[in-house]
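Report on one structure; see the data block that follows.
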There are 2 protein chains.
Amino acid sequence: MAVTIKDIARLANVSVTTVSRVINNKPEGVSEETRQKILKLVKELGYQPNAIARGLVTKKTKTIGLIIPDISNPFFPDIARGVEDSAHIYGYNVFLCNTDDNLEKESEYIRALKEKYVDGIIFTSSSIPKHEHIIELVESGIPVVIMDRRVDSENIYGVFLDNYEGGYIATKHLIDLGHEKIGCITGPLYTKSAKERLEGYKKALLDSGIKIDEKLIFEGDYKINGGIIGAERLLKDNKDMSAIFACNDLMAYGAYKTIRSFGYKIPDDISVVGFDDIQLSQILEPQLSTIKQPAYDMGLTAARMLIKLIEGKKLKKKIINFRPQLVIRQSTKLVKGG
Amino acid sequence: MAVTIKDIARLANVSVTTVSRVINNKPEGVSEETRQKILKLVKELGYQPNAIARGLVTKKTKTIGLIIPDISNPFFPDIARGVEDSAHIYGYNVFLCNTDDNLEKESEYIRALKEKYVDGIIFTSSSIPKHEHIIELVESGIPVVIMDRRVDSENIYGVFLDNYEGGYIATKHLIDLGHEKIGCITGPLYTKSAKERLEGYKKALLDSGIKIDEKLIFEGDYKINGGIIGAERLLKDNKDMSAIFACNDLMAYGAYKTIRSFGYKIPDDISVVGFDDIQLSQILEPQLSTIKQPAYDMGLTAARMLIKLIEGKKLKKKIINFRPQLVIRQSTKLVKGG
DNA sequence: TTGAAAGCGCTAACAA
DNA sequence: TTGTTAGCGCTTTCAA
């Protein structure tokens with residue numbers, strides 16, 4: 001049986017109220033003498049407040065939920081770390097939930113987190129087509145911050161990346177190097193991020209007076225395999241293609257494999273640009289030129305927003321857009337004879 | 001104000017006890033008729049049990065804590081995913097805690113998790129030299145499963161990898177390929193895993209009648225940088241070295257960089273073996289031969305053990321040792337002229 | 001400065 | 001089969 005506030009009170013000859021005041025650092029209402037007496041007992045007995053009991057009366061648990069598709073997708077650990085660091089600073093703990101973008105699991109976790117009275121939820125999902133349960137979640141009154149993959153709804157708080165701009169600058173970089181026949185391996189086009197990156201790609205081409213060729217566009221899956229298959233298709237259909245924009249790094253890795261298996265060299269024969277800048281993109285040979293998403297910072301920011309929301313503080317903005325950044329490494333090069 | 005058991009009771013004209021029985025699926029003590037009536041109301045009103053209130057009385061929260069050094073270290077996401085999947089199956093949620101192997105943070109998280117009355121904790125740390133707080137944690141009565149990095153104490157439950165064997169088979173693989181001058185970049189030697197891998201390396205050499213040369217051993221840090229520096233030192237000091245055993249994949253990546261910067265080819269000039277088999281080891285060029293740690297399975301198993309412990313079920317073994325497995329890819333090759 | 005008492009939402013003896 | 005009641009450990013209102 002753990003020691004409780006009652007035990008302390010009894011031993012100190014005071015009421016539980018007084019002990020509670022000391023435990024919670026209420027500045028007034030306790031004489032310095034009794035405060036010291038209580039603090040001493042707390043230390044001696046190793047008293048630890050029971051957060052469950054506290055939560056029952058305050059309705060606050062100092063706990064948030066982080067709902068993501070999959071922590072083993074290399075894009076999410078940095079986000080998770082950012083969220084957790086931020087939470088830890090403010091004294092919160094975080095529940096990790098993996099949904100695999102599965103609607104049912106999303107609902108399950110939302111229900112479980114609500115039952116456990118988390119103070120707020122950070123939510124990422126690509127299930128855009130059917131997101132009633134997200135809207136419902138948001139409207140249910142519990143503070144929610146949406147991350148990374150955009151959701152349409154009024155009064156939503158969110159941390160996003162400008163995917164359109166990312167697609168634009170990735171493509172622009174290739175164009176600046178003289179490439180004109182630029183392939184694009186997109187993400188799954190039911191996600192907003194994939195659509196936006198593709199739009200950015202198209203706009204960059206148009207702005208440079210290059211015609212959009214549907215044969216140069218392949219719908220991938222944000223996974224390595226999509227890159228493998230996508231590059232294969234693109235290389236077969238477009239003998240004169242000199243560069244590929246893979247809409248995430250994982251697919252760029254897949255493209256690397258295929259390009260090599262075709263006997264081409266990167267970047268001499270084919271330039272490649274990725275998207276995300278996950279850690280290992282610097283280790284690949286040749287190091288991948290890519291669009292950096294500040295995942296850690298986004299996590300940090302999302303948690304900070306959420307906690308401000310929880311604690312009723314004013315937020316300057318409901319939406320914070322992070323700007324992607326071009327990181328030039330070794331996988332892109334001037335077009336041959338360009 | 002959320003709907004409570006009381007509301008349901010009032011509307012159904014029964015006592016809260018009866019409602020509680022239905023909510024908790026107690027098989028007896030409720031007529032089918034009232035059960036249906038209550039279930040109907042539960043649905044209509046969207047009643048959700050309050051896990052906090054429940055936890056206060058039952059002392060069970062259906063929550064576990066996962067304490068790891070750093071989720072953004074590529075070795076941990078798979079473990080975390082395994083833990084979370086297992087937990088989810090049994091109806092538990094998991095708190096994610098990153099300690100950076102910092103003793104103070106470890107203690108902080110342990111305290112916080114106890115205050116939140118988690119039912120159990122899965123703990124990973126490399127802070128072997130000063131692990132009184134871990135022993136204390138274990139003795140405090142809360143179910144604990146130690147993961148990956150071994151701790152010495154009686155009655156500890158744990159899921160470990162046989163690092164000694166891993167070090168042995170990695171080295172043996174190189175010896176079998178004809179290598180004799182084999183460098184070793186170890187992990188931080190205050191960790192047991194690093195020591196064991198090194199011991200395995202030494203034993204494999206001795207078993208083959210090869211003398212141990214301290215100049216071929218470099219103490220790294222399990223990070224990319226350690227691999228970079230370690231390979232540099234080893235290459236400079238040992239002109240005839242033909243292979244390197246890097247005690248984790250991250251350091252192997254670092255070694256790749258250095259080896260290339262020296263103008264050597266992998267595996268033609270220098271063979272490299274890693275340890276862990278994290279996802280991206282298959283993507284590197286050349287693909288890394290390495291020792292596979294079944295991280296996901298280890299996570300899965302650790303959580304399953306913990307939950308059995310929590311629920312008072314019998315455990316066959318207190319310690320489960322996973323066996324490492326050699327995965328031969330393209331970074332190892334017969335020694336030149338061998 | 002201090003304390004009495006109510007109550008958060010639920011479970012679980014025990015009684016009917 | 002059903003209900004009464006106490007109590008989990010804490011915060012908070014109100015009164016002293």
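The values are calculated or read from the model by the stated rules, or taken from the named source; none is laboratory data. For clarity, every value in this text was computed on a predicted model and none was experimentally measured. FYI the Cβ positions are ideal-geometry reconstructions off the backbone, even for glycines, and counts take in every protein chain you see.
Give segment B:162-193 a look and list any residue that's of a type in the set (Gly, Ala, Ser) and modelled with pLDDT of 95 or more, or say none.
B:GLY166, B:GLY167, B:ALA170, B:GLY178, B:GLY183, B:GLY187, listed by residue number.
Only one of A:LYS236, A:LYS202, A:LYS223, A:LYS215 is at pLDDT below 95 and of a type in the set (Lys, Arg); which?
A:LYS223 is the lone residue from the list that is at pLDDT below 95 and of a type in the set (Lys, Arg).
Every residue in segment B:1-31 that is within 11 Å of DNA strand D (Cβ to nearest atom), of a type in the set (Val, Ile, Thr) and part of a loop (DSSP other than H, G, I, E, B), please.
Once the filter is applied, which keeps residues that are within 11 Å of DNA strand D (Cβ to nearest atom), of a type in the set (Val, Ile, Thr) and part of a loop (DSSP other than H, G, I, E, B), segment B:1-31 yields B:VAL14, B:VAL30.
Which residues, counting only those in segment A:180-234, are basic (Lys, Arg) and part of a loop (DSSP other than H, G, I, E, B)?
A:LYS181, A:LYS211, A:LYS223
Filter segment A:58-72 for residues that are away from DNA strand D (no atom under 15 Å from the Cβ) and either touching a residue at least 60 places away in the same chain (Cβ under 8 Å) or not in a loop (DSSP other than H, G, I, E, B) (or both) and give the result.
Those that are away from DNA strand D (no atom under 15 Å from the Cβ) and either touching a residue at least 60 places away in the same chain (Cβ under 8 Å) or not in a loop (DSSP other than H, G, I, E, B) (or both): A:THR63, A:ILE64, A:GLY65, A:LEU66, A:ILE67, A:ILE68.
Could you say which residue among A:SER125, A:SER86 is at pLDDT 95 or above, away from DNA strand C (no atom under 16 Å from the Cβ) and closer than 16 Å to A:TYR157 by Cβ? Step through it out loud before you land on a result.
On the way: A:SER125 fails: at pLDDT 95 or above.
Of the residues listed, the single one that is at pLDDT 95 or above, away from DNA strand C (no atom under 16 Å from the Cβ) and closer than 16 Å to A:TYR157 by Cβ is A:SER86.
To keep it simple, each residue is scored yes or no on (1) part of a helix (DSSP H, G or I); (2) within 11 Å of another protein chain (Cβ to nearest Cβ); (3) surrounded by fewer than 22 Cβ atoms within 10 Å (Cβ to Cβ); (4) not β-branched (Val, Ile, Thr).
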| position | (1), (2), (3), (4) |
| --- | --- |
| A:VAL42 | yes, no, yes, no |
| A:LEU56 | yes, yes, yes, yes |
| A:PRO77 | yes, yes, no, yes |
| A:VAL83 | yes, yes, no, no |
| A:VAL94 | no, yes, no, no |
| A:CYS97 | no, yes, no, yes |
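Since B:GLY312 meets every condition but one in (1) touching a residue at least 24 places away in the same chain (Cβ under 8 Å); (2) away from every other protein chain (no Cβ under 14 Å); (3) not polar (S, T, N, Q), which condition does it not meet?
(1)
Per-residue answers, yes or no, for (1) more than 20 Å from B:ILE328 (Cβ to Cβ); (2) touching a helix residue (DSSP H, G or I) at 6+ places or on another chain (Cβ under 9 Å):
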| position | (1), (2) |
| --- | --- |
| B:GLY200 | no, yes |
| B:ILE212 | yes, yes |
| B:ILE217 | yes, yes |
| B:ASP237 | yes, yes |
| B:TYR264 | yes, yes |
| B:PRO267 | no, no |
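Within segment B:163-216, take every residue that is surrounded by fewer than 17 Cβ atoms within 10 Å (Cβ to Cβ) and among the acidic types (Asp, Glu) and give me the one that is nearest to B:ARG233 (Cα to Cα).
B:GLU214
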